[in-house]
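What follows is calculated from the coordinates using simple rules that are stated; it is not laboratory data. Just so you know, these numbers come straight off a predicted model, no measurement behind them. Heads up, the Cβs are rebuilt from the backbone with ideal geometry, glycines too, and the neighbour counts pull from every protein chain shown.
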Amino acid sequence: MKNIIIAVALALAPFIAVNAFAQSSGEADPAGAKSIAVKPATAAEKAEAKAKRKAEGAAAAREDSRSAKMSRQHDGVAHTTTQAQRKAAAKARKAKAQDALKKGQITSGER
């Protein structure tokens, strides 16, 4: 039993040792750990950049608004009909269907 445990321990030792030595000491690389020093933007620079972005956004919104108006101009207008017109149209459709039913053009439905 001791021989098996010793053999397994010796077989697994290289795997454990590789992981142990591969870990660093936890310190960051001094050369690559820091970013390039950048001077902070002043309030005037920030305001200038904000005004530029605002102008670009307003121009884009204005262009979008124009294209929306153009598409709405070409849309059809809803037709308004009176109740009498709707009833007359329904009566005409019903009469046409009854006539077709009597002639045998409509095979389904009650006779």
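Couple of notes before you dig in:
- In this rough spin-label picture, where each label sits 7 Å from Cα along the Cβ direction, the Ala59-Gln85 distance is 4.7 nm.
- Mean Cβ count within 10 Å, highest first, over the residues of peptides 5-15, 36-46: 5-15, 36-46
- Difference of contour (0.36 nm per residue) and Cα-Cα distance, Ile5 to Val38: 6.0 nm
- Residues whose placed amide H lies under 5 Å from that of Ile106, excluding near-sequence neighbours: Leu101
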